[in-house]
1. Looking at segment 70-81, which of the residues that are over 10 Å from the mean Cα position of the chain (by Cα), closer than 16 Å to ALA131 by Cβ and not acidic (Asp, Glu) is surrounded by the most Cβ atoms within 10 Å (Cβ to Cβ)?
2. Could you check segment 21-53 and list, in sequence order, the residues that are within 25 Å of ASP166 (Cα to Cα), among the hydrophobic types (A, V, I, L, M, F, W, C) and open to solvent by 30 Å² or more (accessible area, probe 1.4 Å)?
3. Are any of the residues in segment 82-100 open to solvent by less than 40 Å² (accessible area, probe 1.4 Å), in a helix (DSSP H, G or I), of a type in the set (A, V, I, L, M, F, W, C) and touching a Lys or Arg at 6+ places or on another chain (Cβ under 8 Å)?
4. Can you tell me which residue among ALA106, ALA113, ALA67 is surrounded by fewer than 20 Cβ atoms within 10 Å (Cβ to Cβ), in a strand (DSSP E or B) and at pLDDT 95 or above?
5. Filter segment 49-73 for residues that are in contact with a helix residue (DSSP H, G or I) (Cβ under 7 Å, 6 or more places away or on another chain), in contact (Cβ under 8 Å) with a residue 24 or more places away in the chain and not hydrophobic (A, V, I, L, M, F, W, C) and give the result.
Amino acid sequence: MPTPLPSPMPVDEARSAIAIRPLDATPETVAALADLLIETVARGGSVSFMHPLARADAEAFWSGSLAAAGRGERVVFGAFVGDRLAGTVTLLLDCPPNQPHRGEIAKMMTAVAHRRRGIGRALLDAAEQVAVARGRTLLVLDTATDEGAAWLYEKAGFHFAGEIPDYALKPHGGLTGTRIYWKRIGAAA
């Protein structure tokens, strides 16, 4: 039986307790991100992996993602409550030559113990600020139809573009659709 979600904290109090920063490829960071990915997949989060997710596969994914960040192709953000990683989101910046104005939001995850405390929104805000600073004027993302975070993205100003049915397998089996979103940012907003 799933653990009940914690009661939400007042937004101002929750946000002041969250520190958001870009992550570097240290063994501790890879381990913390792997823990978060494994937990997310085990709880049914549709983030491209199937349950059970082997630790070596989770660590390999994050090592590759952080290496891409080191090359400037993306930014992997971590949300910290104290010294504990409570969430992550990735801003993909390595777009085709005809799309230098676009960024993509990917791998949004919040640890179960820290959900409903403003972490997802704080991560989105940080990703958007960096995207604007890097000259991006459009963000896109997709989220699972079943168990996705459409409500969070809509609240953050993303516009629903459409839904693709049977897009991916859920971590525990069965198909789910994906909802596509976009948002103009910076000078284009």
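The values are calculated or read from the model by the stated rules, or taken from the named source; none is laboratory data. Keep in mind it's a predicted model, so treat the numbers as computed, not measured. Positions of Cβ are backbone-derived with ideal geometry, glycine not excepted, and every protein chain shown enters the neighbour counts. What goes into the accessible areas is simple: the full protein's heavy atoms, side chains included, and nothing from ligands, DNA or RNA. Shrake-Rupley method; radii C 1.70, N 1.55, O 1.52, S 1.80 Å.
1. First, the residues of segment 70-81 that are over 10 Å from the mean Cα position of the chain (by Cα): 70-75, 79-81.
Imposing the further condition that a residue be closer than 16 Å to ALA131 by Cβ reduces the set to 72-75.
With not acidic (Asp, Glu) added as a condition, the list becomes 72, 74-75.
Numbers: GLY72: 10, ARG74: 22, VAL75: 20.
So, considering only residues that are over 10 Å from the mean Cα position of the chain (by Cα), closer than 16 Å to ALA131 by Cβ and not acidic (Asp, Glu), the one surrounded by the most Cβ atoms within 10 Å (Cβ to Cβ) is ARG74.
2. At the first step, the residues of segment 21-53 found to be within 25 Å of ASP166 (Cα to Cα) are 37-53.
Retained after the next criterion (residues that are among the hydrophobic types (A, V, I, L, M, F, W, C)): 37-38, 41-42, 47, 49-50, 53.
Within segment 21-53, ILE38, ALA42, PHE49, MET50 qualify.
3. No, there is no match, as no residue in segment 82-100 is open to solvent by less than 40 Å² (accessible area, probe 1.4 Å), in a helix (DSSP H, G or I), of a type in the set (A, V, I, L, M, F, W, C) and touching a Lys or Arg at 6+ places or on another chain (Cβ under 8 Å).
4. Working: ALA113 fails: in a strand (DSSP E or B); ALA67 fails: in a strand (DSSP E or B).
Of the residues listed, the single one that is surrounded by fewer than 20 Cβ atoms within 10 Å (Cβ to Cβ), in a strand (DSSP E or B) and at pLDDT 95 or above is ALA106.
5. Within segment 49-73, HIS51, GLU59, SER63 meet the criteria.
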